Amino acid sequence: MNSSQWIGLLIFLGTYILIVSERVHRLKAALLGISAVLLIQLVEQTDAFSYIDFNTIGLLIGMMILVGIIRKTGMIQYIAIKAVKVSAGNPWLLMVMLSGLTAIISALIDNVTTVLLIGPIALAVAEVLKVDPVPFIFAEIFSSNIGGTATLIGDPPNLLIGSAAGLSFNDFVLNLGPAVLLSLAVMYGILYLWYGKELRPSDLTIHIAENFKEPKGPQNIGLTKRVLLVMLLVLTGFMFHGRLGIEAATIALAGATLGLLVCPVDVEEILKDVDWVTILFFSSLFMLVGTIEHLGLIRLLADLMVTVVGSHLKILSVLLIWSSGIISAIVDNVPYTAAMIPLVRDITSLSGFQSDFLWWSLALGACLGGNGTLVGASANLVMAGIAEKDGIKIDFKAFLGRGCVMLFFTLLVSTLYVFFRYL
């Protein structure tokens, strides 16, 4: 490693320590890190800005605007109350229903959009039943990351892998679907151990469900019809954006624009619902991780992994799952996956026998790694931002304790799955 790489690594680790320690706000820490990188000229400013994933940023802004419009209709509260009625006041059943829906939708569209849609409903349900919302928050985050692992379009690393290896949508479903179902089963088992007792039906929750006056519908029917039509168009666009050749951010921003045009809402008031802190944090983190990739640190790590393991494909498969999971919990899984793809491709072509399981190992580790830390996946920070707007703080340390346990057991299940199915 040269001096620039050492300096870049130290700045990255220092920034990450500040984020973990929470001695300063995570946005301040990220801005400090990228400012240091730019001031000592480890990377040119124009290059740093080019590392920002504007597809993610545009998607976040567009969907936050649409969710802000939805909030004005009263629809979120209406759906929450209907869900409470259906569950007969059973908080655990409600959490399973909502997180299961989140996992399914995350497999069809990106998990950030999913938590933006379902997250507010989960918080509203907890508020109606007067139960702790934290279990619902963790269930939403974990299920979105696990569900997104199942398909080609569910998580960005899968898109990269599918494109590089020529793998289809069905290939991902058939090969990763069983692992995702096993991971979801493990997730619910762990959540039950953590929260099963406190989410049991009580006299209070049953009384609330039985006596809560059910509204006839959302408060503003006209606005509801308009925004639902816009959302239907946006979600349809998400499902077919690959065939249309249109990026998800373009669809989200076009949908937000249409929503602002056809819905009678105050633009400035809606923009207040956009979580600009999360947007700026993502932008700073993208630049910092992009700099690390630019300096060749991620590639060095990937090369070291292959050098240590050599041609032992079984060991490499296990190492891919665990190292990808751990690294993706710390840095953005997109540049890491991009760095690993050429290595996996070379090994696959030179091995002399079927070794597609290496692609599945990489996908499982890179996608499930998002559950490890608060900054491990975009959906985590978005859900934390939604909760923070409702006065519920999910700090890095609190998440780390739960996230590491979930990461360990889902990676363990994935390892066993790959080993018994392919090895």
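All of the numbers you see were taken from the coordinates with simple rules; none came from a lab. Keep in mind it's a predicted model, so treat the numbers as computed, not measured. Neighbour counts are summed over all protein chains in view; Cβ atoms, including those assigned to glycine, are modelled from backbone coordinates with ideal geometry.
Key figures for this structure:
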read-out	value
Taking T15, T114 and counting other C-beta atoms within 10 Å, the order from fewest to most	T15, T114
Region 146-246, Rg to Rh (Cα coordinates; Rh as Kirkwood inverse mean 1/r)	1.14
Pairwise Cα inverse-distance average, inverted: Kirkwood Rh of the chain (Å)	22.3
Largest-first principal axis extents, alpha carbons of region 3-50, Å	28, 22, 15
Mean ellipticity per residue at 222 nm, deg cm²/dmol - from DSSP H runs of n ≥ 4 across the chain, formula -39500 (n - 2.57)	-26000 deg cm²/dmol
Total lysine pairs whose alpha carbons fall under 21 Å of each other in the chain (8 or more apart, or interchain)	26
Full-extension gain in nm, T307 to F49, via 0.36 nm per residue minus C-alpha separation	89.6 nm
Interatomic Cα distance distribution for region 86-198, bins of 5 angstrom, percent	2, 13, 23, 21, 17, 11, 7, 4, 2, 1
Value of D in µm² per second that Stokes-Einstein yields for region 1-132, Kirkwood Rh from Cα pairs, at 10 °C (1.306 mPa s)	87
Packing-based exposure ordering (other Cβ within 10 Å, fewest first) of T149, T307, T278	T307, T278, T149
Exposure rule at most 16 other beta-carbon atoms within 10 Å, DSSP loop GluC sites (Glu not before Pro): the chain longest free segment	248-423
For q = 0.15, 0.24, 0.31 Å⁻¹, Debye-computed log10 I/I(0) when each Cα of region 77-136 counts as one equal scatterer	-0.39, -0.94, -1.33
Amide H within-cut-off set for D110, under 5 Å, with H built and near neighbours excluded	none
